[in-house]
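Engineer: Below: one structure in structure tokens.
Since every read-out is calculated from the coordinates, none of them should be taken as a lab result. Fair warning: this is a prediction, and the values are worked out from it, not measured in the lab. Quick reminder, even Gly has a Cβ in these numbers, built from the backbone with ideal geometry, and neighbours come from all protein chains shown.
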Amino acid sequence: MLTWKIKDRPMVYNGTLIEGLPGIGNVGKMVVEYLIEKLKAKKIAELYSSHFPYHVFINKDSTVSLPKNEFYHLKSGNQDLVFLTGDFQSMTPQGHYEIAEAELDYIKKMNINQIITLGGFGVEGVPTKPKVMGAGTTKGVVEEFGKYGVEFEDGERVGMVVGASGVLLGLSKLKGINGICLMGETLARPMFTDARAAKAVLEVLKEKFNLEVDMEDMKKKAKELDKAISKAKDLEKIMLEKIKKPGEELRYIG
């Protein structure tokens, strides 16, 4: 089941879709929602699906809302940006394809000629200076984004892109829409929101689209993450010292 709720049908020229849904490090979702907030993009559509979790959210006024994906529109100079974010990705492989097909059909009618999907690239440990890894639909796209500091490693580390970011990109190629996936290096752990990786991806988009975005809040979030990581390391060190007996090498903690 797919249900659309269309709020507006903007005239789009030279359009780019930028997708950021929940995922590893919540990098993509954090970037897109930051851009929506700071640039005051306007919501134009909502998509509901039976492939999202089977529950409702209870709002502050005690009303309920189903999980959804949302589209926002921004006119920036002579370009149009359409942002895609949401509460969840599909819970099923079939759902990923059905939702991606519907979303691509929707944006193609809006004259979107480029798609950028965002996500996290999982590594061991938290990078102090996260790189932005990329995978594109054409060599031309790869060369273009290489100019903005995006790194491409010929599949050595980036073997596949899982979930909405990958499926949207793959299907967009079949439909003749150029695209790229930008992935910020982040800790490969669930329930971890990485502001540093998000900031790295955001910097690429800011330069590419010449966006005037106030970065102060993102910088603060990144600094807060630095403090949290430092505190966690200090606590870990204290715990190890307490567990380890004098003169004994610590080999295993269970």
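Engineer: For the chain, give the share of DSSP beta bridges that are antiparallel, in percent and rounded to the nearest 5; count only bridges with both residues there.
Structural biologist: Percentage antiparallel, nearest 5: 55.
Engineer: Count the net charge of all other residues whose Cβ sits under 13 Å from the Cβ of Val167, scoring Lys and Arg as +1 and Asp and Glu as -1.
Structural biologist: Around Val167, the charge tally is -2.
Engineer: So, one more: When you count, for each residue, the other Cβ atoms within 10 Å and take the mean per peptide, how do 124-131, 159-166 rank with the highest first?
Structural biologist: Highest-to-lowest ranking by the protection proxy: 159-166, 124-131.
Engineer: Hand me the GluC sites (Glu not before Pro) from segment 132-198 located in a DSSP loop with no more than 12 other Cβ atoms within 10 Å, in residue order please.
Structural biologist: Listed in order of number, the matching sites are Glu153, Glu156.
Engineer: Let me ask something additional. Which cross-chain or sequence-distant (5 or more) residues have an amide H under 5 Å from the amide H of Phe121, H modelled 1.01 Å from N in plane?
Structural biologist: Hits under the 5 Å cutoff: Gly184, Glu185, Thr186.
Engineer: Based on the Cα atoms of segment 1-129, what semi-axes does the equivalent ellipsoid have, where each is the square root of 5 times one gyration tensor eigenvalue, given in whole Å with the largest first?
Structural biologist: Result for segment 1-129: semi-axes of 22, 21, 16 Å.
Engineer: Taking +1 at the Cβ of each Lys and Arg and -1 at the Cβ of each Asp and Glu, which of Ser62, Ser49, His96 sits farthest along the dipole of segment 2-225 towards its positive end, judged by Cα position relative to the Cα centre?
Structural biologist: Ser62
Engineer: First check a/c for segment 2-225, with a ≥ b ≥ c the square roots of the eigenvalues of its C-alpha gyration tensor; if it is under 1.5, answer rounded, and if not, answer prolate when a/b is larger than b/c or oblate otherwise.
Structural biologist: Taking the square roots of the gyration eigenvalues as a ≥ b ≥ c, segment 2-225 is rounded.
Engineer: Might you report the magnitude of the Cβ-based charge dipole of segment 2-225 about its Cα centre, with Lys and Arg at +1 and Asp and Glu at -1, to the nearest 20 debye?
Structural biologist: Its charge dipole is roughly 400 debye.
Engineer: Oh, and also: May I ask you to evaluate 6.51 cos²θ - 1.76 cosθ + 1.60, the Karplus curve with θ = phi - 60°, for each residue of segment 56-68 and list the ³J(HN,Hα) values in order in whole Hz, giving x for glycine and proline?
Structural biologist: 10, 8, 9, 7, 4, 8, 6, 8, 10, 9, 6, x, 7
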